[in-house]
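Accompanying notes for the structure given below.
The values are calculated or read from the model by the stated rules, or taken from the named source; none is laboratory data. No experiment lies behind these values; they were computed from the predicted model shown. Because the Cβ atoms are built from the backbone with ideal geometry, glycine has one as well, and the counts that use them run over all protein chains shown. Quick note on the areas: whole protein, heavy atoms, side chains included, nothing else; ligands and nucleic acids left out. Shrake-Rupley method; radii C 1.70, N 1.55, O 1.52, S 1.80 Å.
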Amino acid sequence: IALAEELDTAEQAGENHPDPSEFAPDFGDDEQDILFRSQMKVYDLFMTNWKNLLIGAMIILAGVMVYGLMENSHRDSQREVHSELASIARSMPTPDPRSKFGLVPADDPKDGTRMGKLREAALSLAEVAKGSKGTAAVYAWMESADAWDRANEPSQQLSALEQAQAEAQGGLMEWSAVSQLAIYHSNQGDHAKSVGLLRDFADKNKNYLG
C-alpha cells in the first residue's frame, strides 16, 4: 500500500520515466539526408554488384579448398613414404648388438645372404627416394646410404648421400645430408674434403648456424 501511494504521488508530481528518444543522436535535416543517401548508395552498390561479389567469394572459397586439398595430399604422401621406408627397414637384417660397443662390425661382410638382403634393401630405398620429394626424399636417400654402408658398398653410399644433399633445400635436412657426407669423406681419409663441405655449408647458412 505504501508503494502504491508513492507511485501515485510520483505520477501526480510529473515524475515519469525518461523517454528513450531523448538519448537518440540529434541529427539535423541535412545530416539525416546524408545518412540516408549513404545507406542507399551502399544498398545500390550491393544490388548492382551482388553477382560479382558472389563470384569473388566463390573464387576465394575455391582457392582455400584447393590449398587444403593440396596440403592433405602432401601430408598423406609423406605418411605413405615413411610407411614404405619402415616396411623396408623391417626386412633388413638386425645389426649385431656387439657393434654398438665397437667389438664387431654391424654386419659380417663374409655373409653373402646378409649382404644380399642389405643391397636389396638399399635399392628399394633408392626407388622410394626417386619417387618422393622434399623431406621424404632426403630421408629415403640417407636411409639408402646407410644400407649401402652396411653392405660394404662405399661408392653406392657416396652416390646416395650426394643425392640426399641435392634434394635438401637448406635448414636441418641439408645440414643432416652435408654432415653425413662429411663423415663419409672423413672415414675415407679425405679430411680436407670433409672440412670443405662443412665450411661451405657454414658460409651459405650463416643465419641458420647463428
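Restricting the first member to region 84-113 and to residues that are aliphatic (A, V, I, L, M), and the second to residues that are at pLDDT below 90 and open to solvent by 90 Å² or more (accessible area, probe 1.4 Å), the beta-carbon pairs closer than 9 Å and six or more apart or on different chains are LEU85/TYR139; VAL104/ARG98; ALA106/LYS100. Counting only helices (runs of 4 or more DSSP H) that sit completely within region 90-174, zero hold 1 or more residues that are in contact with a Cys (Cβ under 8 Å, 6 or more places away or on another chain). Does region 129-144 contain at least one residue that is open to solvent by less than 20 Å² (accessible area, probe 1.4 Å) and more than 12 Å from ALA164 (Cβ to Cβ)? No, region 129-144 has no match at all. Here ALA182, ALA164, ALA202 are screened, and the one residue that is under 22 Å from SER83 (Cα atoms), out of contact with any Lys or Arg (no Cβ under 6 Å at 6 or more places or on another chain) and aliphatic (A, V, I, L, M) is ALA164.
Out of the residues in region 148-166 that are free of Cβ contacts under 8 Å to residues at least 24 places away in the same chain and of a type outside the set (Asp, Glu), which is least open to solvent (accessible area, probe 1.4 Å)? Across region 148-166, the extreme among qualifying residues is LEU161.
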